[in-house]
Each structure stands twice: as structure tokens, then as C-alpha cells.
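Okay, structure first, notes after.
Where a number appears in this text, it was derived from the coordinates with a stated rule and is not lab data. Predicted model, so just to flag it, every value in this text is computed and none were measured. Note that each Cβ is placed from the backbone with ideal geometry, even for glycine, and that neighbours are counted across all protein chains shown.
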Amino acid sequence: MFNAEPSVKALVPFVSVHNMMRLVHHIGIETVLSELTDAIEADFRRWPMFDKTPRIASHSRDGVIELMPTSDGVVYGFKYVNGHPKNTAEGLQTVTAFGLLADVATGYPVLLTEMTLLTALRTAATSAMAARYLAPAGARCMAMIGNGAQAEFQALAMKAVCGIDSVRLYDIDPQATEKTRRNLEGSGLTVVACTSGEAAIEGAGIVTTCTADKQFATILTDNMIGTGVHINAIGGDCPGKTELHRDILRRADTFVEFPPQTRIEGEIQQMEADYPVIELWRVVNGEVPGRRDARQVTLFDSVGFAIEDFSALRYVRDWVAGTDFQQSLDMIADPDDPRDLFGMLQRAH
């Protein structure tokens, strides 16, 4: 007789948007950001163990859809993510995502989760991890240029990990700035809404750019950046999309995740093929210095890399195991005889 109930092997833990939000509030957002920062840093320390490939992108005139895979030889992970800047005007998210982890030994999925929220969290945690090594000592003020969906996460990560106590906001849309200012009320940060990019960077030791327009843009010009500043450029993340004037790159020490991907998608796509970059994992491992002196201009040309998503997926997997922050999805066909998939189908009739 056919058993309509799926077996344990057929079930895959799934974390919905609702449960991801519950989980973040249960742990505390700044704790999540701090713990994610540590998890990403731990995987950067074992960077050579991972499969690495530029993300697989499908570009259209409306945006991009991407797959971001990697494996450490024991666990495999990927993220599906899009980037459609026009979506905001239509009441839709610019970025949506989901991700999966699988056991390399069997190929069976072990986690499926929303990653729209998780991507915002891991992107902010990666920024904070880089700032640990690259920001000027004692930096307490950051500028946040581009006040969209990422802004609050970035500010809170810099607060939790790097000790930032004030943030200066600017966006070409004043409503976006007001949204961010309002959302950061009660966070412990001093929040200043500014009317220009120039005003926003006054006194800031860390300058984060995160704008959405899919085009070559000049959000920061060379004259805006003084000595000793750390620039966290996270908005340029696909071919044809940048935020910084190339003169800034000429005098900055530039740090990247995976050069073959960043040279296609990052700020350095503007530069010559032999433009020198430093891989951030080598800084984390102590192989090369990050910030060397107080006058150095550092740039983290961050486009997002699959290993960061892998770290975030493993973090969630470990947290939700055995809790009610997950549901079980009947995803894997599991016939009594693994050779008799057709028989399983027939018996369900």
C-alpha cells in the first residue's frame, strides 16, 4: 500500500521570510551582524579551499539574474539573485534572492532559505569585516551615500563591528534619506540627513556608496576624498555600473574579493587590465598588510562573492537546526527502491 507521508530523507529544512525575520529578532540584529562578520571572516581564512568562479549572469535591458555557486568540498552552496533597479518605481524590490546548501557526499539538499534579507545582512557583515582591516583607527563617523534597502544594515554593521557612533546620510531622493533616518531612530547612532554628497562625507572616516542605477556614474569625485579615508564601494556590481571617478582609484589601495569577477563588475572595470589590486583574504590571513598608515586611502571594491553567501547559509543552517525557525519541505523523491522511481509514481495514483 502506498504511504502518502514523505520519508525523513525527502524533507529539506526551509527558512521562509517570516521565519528569517523571527530568527533575526530572536538573536538581535546587531548580534546577527557581528556573528555573520565572524563567520565570513572564518571562511576568508580558508579561502584556498573553496571552488571559485565568477557568478553566472544573464543580463537584459531591465536588469540581471545571477547564480552564485561555491563549495568547500564538504558542503555545496548557491544563491539565486537578481538586480533590477527599475523595480523600485513599480513597488518591487531591486534585489530578491534565495539560496541552497547541499551535502557534497550525496548531493542531497540540506537547507533552502530566503536570501533577500540574508543578502542584505551578509553584505553589511562583509563590509564591516573589510573595515576591520582597512578603516582608519578610531573612525567613529561614516557617510552612507545611497539610502536604499541596504543603508540601515550597513550602518548597524559598522556600529556593531567597528564602533561607528554616527552616520551621515545622502540620497538623490530625500524620501529615501528620511526613511533611513526614521528606521535608525533608537539605534544608538547619531544620524544626520545631508543635502549633498559633499556634506555627507564631512568628517567621515568611512564612506560607503550604495546606489542602484545601472550605469557608469560618478557618485564620488577625487576632490571629495581626503587622505586617510576608507571607501566601501558596494553599488558597482555588474558590467557598465560604477560609482567612483577613476582618479580616486589611481591614488587608492584597492582591495577585492575575487579579481576575475571584480575586473568585470567592480569599480576597477574602469581601469587598465594590469591595475594592481589586493585580495582581501590575503589581508585577513596576515599575508599582506591592510591599512598601513593614517594617510592611506583604502578602497574595498566589493561586488559580492559566493563564499560570503556560503558563510551566511551555513550560519543560518546551524542556528535553525532543531528549532521552529524552519519548516520541512517535501522536496526529494524517495522511493523504497531507489531504482524504482516510476513505481513510486504509479503507486501514488
* To do: Might you report the magnitude of the Cβ-based charge dipole of the chain about its Cα centre, with Lys and Arg at +1 and Asp and Glu at -1, to the nearest 20 debye?
  => 460
* Asked: With each label point set 7 Å from Cα along the Cα-Cβ vector, what nm distance links R22 and D336?
  -> 3.5
* To do: Give me the percent of DSSP beta bridges within the stretch 127-305 that run antiparallel, rounded to the nearest 5.
  => 5
* **Neighbour cut-off at most 15 other Cβ (10 Å), DSSP loop, GluC sites (Glu not before Pro), the stretch 257-325** => E272, E287
* Residues V74 and A348, FRET efficiency given R0 of 35 Å [Cβ-Cβ distance, rounded to 0.05] -> 0.55
* Asked: Cα axis of helix 116-134 to longest principal axis of the chain: angle in degrees, 0 to 90, nearest 10?
  -> 40
* Structure fact -> Quick calc, A321 & E5: beta-carbon distance into FRET formula, R0 25 Å, rounding 0.05, result 0.70
* Residue among A273, V297, C238 farthest towards the positive dipole end of the stretch 201-349, charges placed on Cβ -> V297
* Structure fact -> Place a point 7 Å from the Cα of N285 in the direction of its beta carbon; the residues of the stretch 238-269 whose amide N falls under 16 Å from it are 256-260
* Candidates W281, W47, W319: whichever shows maximal mean-square fluctuation once the chain is modelled as a Gaussian network with Cα springs under 10 Å -> W319
* To do: Count neighbours as other Cβ atoms within 10 Å of each site's Cβ, and list the trypsin sites (Lys or Arg not before Pro) in the stretch 270-326 that are DSSP loop with at most 12 such neighbours.
  => R292, R295
* Candidates I278, I234, I56, ranked by Gaussian network fluctuation over the chain, Cα under 10 Å, top entry -> I56
* Spin-label model distance (nm) - R140 vs E35, 7 Å beyond Cα toward Cβ -> 3.0
* In degrees from 0 to 90, rounded to the nearest 10, what is the angle of the helix 17-27 Cα long axis to the longest principal axis of the chain? -> 60
* **Span from the the stretch 48-114 Cα centroid across to the the stretch 163-235 one, whole angstrom** => 27
* Can you work out the FRET efficiency for the pair D247 and A199, with r the C-beta to C-beta distance and R0 = 22 Å, to the nearest 0.05? -> 0.55
* Might you report the magnitude of the Cβ-based charge dipole of the stretch 101-176 about its Cα centre, with Lys and Arg at +1 and Asp and Glu at -1, to the nearest 20 debye? => 320
* Asked: Highest GNM mean-square fluctuation, the chain, Cα pairs closer than 10 Å: which of D38, D336, D253?
  -> D336
* Of the DSSP beta bridges with both residues in the chain, give the percent that are antiparallel, rounding to the nearest 5. => 50
* Reachable lysines, given that their alpha-carbon falls under 17 Å from the alpha-carbon of K86 and they are not under 8 places away in the same chain -> K214, K241
* Asked: Modelled label-to-label distance, E185 and T116, 7 Å Cα→beta-carbon offset: nm?
  -> 2.5
* Structure fact -> Taking Cα atoms, the helix 29-45 axis meets the longest principal axis of the chain at an angle in degrees (rounded to 10) of 90
* To do: Assign one of three labels to the stretch 258-347, namely rounded, prolate or oblate, based on the Cα gyration tensor with a ≥ b ≥ c the square roots of its eigenvalues; rounded applies when a/c is under 1.5, prolate when it is not and a/b is larger than b/c, and oblate otherwise.
  => prolate
* Asked: Using 0.36 nm per residue, how much length does the chain from Q93 to H59 gain when fully extended, once their Cα-Cα distance is taken away?
  -> 10.5 nm
* Asked: Which lysines, on any chain, are close to K79 with Cα under 20 Å apart, when same-chain ones fewer than 8 places away are left out?
  -> K52
* Rounding to the nearest 20 debye, state how big the charge dipole of the stretch 127-305 is about its Cα centre with +1 on each Lys and Arg Cβ and -1 on each Asp and Glu Cβ. => 380
* Volume per residue, Å³, of the convex hull around the alpha-carbon atoms of the stretch 127-305? -> 101
